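What follows is calculated from the coordinates using simple rules that are stated; it is not laboratory data. All values derive from a computational prediction rather than experimental measurement. Every residue, glycine among them, receives a Cβ derived from its backbone with ideal geometry; neighbour counts consider all protein chains shown.
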């Protein structure tokens, strides 16, 4: 995969998560309010920055099972699946949003046979360590899932 393709894919993935997470991460987690004294009750609001971590990997599996692998990984790590666009699954636990996208690694494939599937796992949170931990745990869960049978 060329560097240009990786950057474009990552940009598109990040843009999709940013739009989706605006509805998923509550406003109270994304803003901070402070008030001075009771006599002069002025409130200042500042937007907290969001940290994101992303990574991709390839898994040899049946493409038709990619969505269930992603959903199972998110649910197994305590995330609620909130959005299922084509080729992706978005989950949240209230403070961190995790998006798992997947696509066949080659142009000619059969969904019912083993082939390479590209996965991208991206996590967004107000805290960089939470985003990194979420990304790593969901990715690890998908990598470790195995078939007991054929496709």
*What is the order of 142, 124, fewest Cβ neighbours within 10 Å to most?*
142, 124
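For a footprinting-style exposure proxy, rank 65, 149 by other Cβ within 10 Å, fewest first.
Numbers: 65 17, 149 4.
Least crowded to most crowded, the residues run 149, 65.
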*Least to most buried among 63, 56, 150 (fewest other Cβ within 10 Å first)*: 150, 56, 63
